[in-house]
Amino acid sequence: MTLAAAAAAPAAQAQAPAPGTSAAPAGGPKGREQRMLIVDAQIHIWKSSKPNPNHRQIADYSADDALKEMDEAGVTAAVIHPPGWDPNANALAVEAARQHPNRFAILGNFPLDRPESRSLIDGWKGRPGMLGLRFALLQPHQKTWLSDGTMDWLWPAAERAGLPIALLGPDLLQAIGPIAERHRGLRLIIDHFGRPDATWSNLPDLIATAKHPNVALKATGAPSYSQEPYPYRDIHGHIRKLYDAFGPERMFWGTDITRMPTTWKQCVTMFTEELPWLPAQDKELIMGRALCAWLAWKLQG
């Protein structure tokens, strides 16, 4: 049995939640009936910093801000990705995970082009909440890093340390297959559906990566890739094709909420209420249990 299947076993006996009541936070108020475990695969928090233009243009978005919105939407927990615009974002995320270990985990980062970063790998999981790594290679000087050797040291080091890596960047869909084949013990995650354009022209290449069993997909930011209002039906067919390719154990729901054109609740219900072809047990996996298994996050619930 795979890790994700084992994590999902309790969910197989659970009743699917009624429409509009898709979750109750495991870390929320005591006495609330517990329903679906919903774990957001990607959020950012920051302090005294200016976000990039795609995100909410506010100087601070704290763990408490996120928790308030999560509770309102019925989101159990979330994986923090420290954003590049806040130089102290890793430390901020660690403090959030230390205070709320059953609500937050982290995919952290460090400067890949600095030799001193290589010494951080072995002790990375020793920091509160740190479960892996995430790199968004979007700056001009980073766009060749997947192919020019800059990151070649990272793959074997992370494989040995048991650190999953989430990635976003140019030519990722072409680069990730060879990396996955060379390092079969390394768990890799493609961010944000591989950042599709308006026509989802990347879909064939994205589906092709699913043949590698150590590659998973973050189904994060879905509303931002739709040309329609909620429930964003123009992308439902794309999501189903990816579900068919990756399966529920390698497809992780999430939001990147501070970039979304809608509420956290609608990001949830788009998947829990608007995809009638998605079986209840697979929904449990996609909405959180599969992610927890992939990251070895032993969340209660």
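The values are calculated or read from the model by the stated rules, or taken from the named source; none is laboratory data. Not measured: the values here are computed from a predicted model. Reconstructed Cβ throughout: ideal geometry from the backbone, glycine too, with neighbour counts over all protein chains shown. With ligands, DNA and RNA removed, areas are computed over all heavy atoms of the protein, side chains included. Shrake-Rupley method; radii C 1.70, N 1.55, O 1.52, S 1.80 Å.
Do you know which residues across the range 108-120 are assigned to a loop (DSSP other than H, G, I, E, B), in contact (Cβ under 8 Å) with a residue 24 or more places away in the chain and surrounded by fewer than 18 Cβ atoms within 10 Å (Cβ to Cβ)? Steps first, please.
Applying the first criterion (assigned to a loop (DSSP other than H, G, I, E, B)) to the range 108-120 yields 109-114.
Among the residues that remain, those that are also in contact (Cβ under 8 Å) with a residue 24 or more places away in the chain are: 109, 112-113.
Passing the criteria: 112, 113.
Could you grab the pairs with beta carbons closer than 7 Å, sequence gap of 6+ or different chains, first residue in the range 37-54 and more than 19 Å from residue 192 (Cβ to Cβ) and touching a residue at least 40 places away in the same chain (Cβ under 8 Å), second one of a type in the set (Gly, Ala, Ser) and open to solvent by less than 10 Å² (accessible area, probe 1.4 Å)?
37/288
Does residue 131 count as buried (at least 16 other Cβ atoms within 10 Å of the Cβ) and assigned to a helix (DSSP H, G or I)? Can you show your working first?
Values: buried (at least 16 other Cβ atoms within 10 Å of the Cβ): yes; assigned to a helix (DSSP H, G or I): no.
Taking the combined requirement at face value, the residue does not satisfy it.
Identify, by number, the condition in (1) of a type in the set (D, E, K, R); (2) touching a helix residue (DSSP H, G or I) at 6+ places or on another chain (Cβ under 8 Å); (3) farther than 13 Å from residue 38 by Cα that residue 98 doesn't meet.
(2)
Which is open to solvent by 10 Å² or more (accessible area, probe 1.4 Å) and in contact (Cβ under 8 Å) with a residue 12 or more places away in the chain, of 148, 64, 71? Spell out how you get there, then give the answer.
Values: 148 fails: in contact (Cβ under 8 Å) with a residue 12 or more places away in the chain; 64 fails: in contact (Cβ under 8 Å) with a residue 12 or more places away in the chain.
The conditions single out 71.
Taking the criterion of being more than 24 Å from residue 185 (Cβ to Cβ), buried (at least 22 other Cβ atoms within 10 Å of the Cβ) and out of contact with any strand residue (DSSP E or B) (no Cβ under 6 Å at 6 or more places or on another chain), would at least one residue in the range 281-293 satisfy it?
yes
Conditions: (1) farther than 19 Å from residue 251 by Cβ; (2) modelled with pLDDT of 95 or more. Residue 194 meets all but one. Number of the miss?
(1)
Within the range 67-90, track down each residue that is under 22 Å from residue 271 (Cβ atoms) and in contact with a Phe, Trp or Tyr (Cβ under 8 Å, 6 or more places away or on another chain). So that I can check it myself, show each step before the final result.
Filtering the range 67-90 down to residues under 22 Å from residue 271 (Cβ atoms) leaves 67-81.
69, 70, 72, 73, 75, 77, 78, 79, 80 - these are the residues of the range 67-90 that are under 22 Å from residue 271 (Cβ atoms) and in contact with a Phe, Trp or Tyr (Cβ under 8 Å, 6 or more places away or on another chain).
With the range 154-260 as the region, which helices (runs of 4 or more DSSP H) entirely inside it contain at least 3 residues that are more than 22 Å from residue 81 (Cβ to Cβ) and open to solvent by less than 10 Å² (accessible area, probe 1.4 Å)? Walk me through how you get there before you give the answer.
On the way: elements: 154-161, 172-182, 203-209, 236-246.
In the range 154-260, no matching helices (runs of 4 or more DSSP H) lie anywhere.
For the range 75-94, how many residues meet the condition of being over 17 Å from the mean Cα position of the chain (by Cα), open to solvent by less than 60 Å² (accessible area, probe 1.4 Å) and of a type outside the set (A, V, I, L, M)?
2
Of the residues 105, 97, 136, which is crowded, with 18+ Cβ neighbours inside 10 Å and in contact (Cβ under 8 Å) with a residue 40 or more places away in the chain? Break it down into steps so the answer makes sense when it comes.
Values: 97 fails: in contact (Cβ under 8 Å) with a residue 40 or more places away in the chain; 136 fails: crowded, with 18+ Cβ neighbours inside 10 Å.
Being crowded, with 18+ Cβ neighbours inside 10 Å and in contact (Cβ under 8 Å) with a residue 40 or more places away in the chain holds for just one of 105, 97, 136, which is 105.
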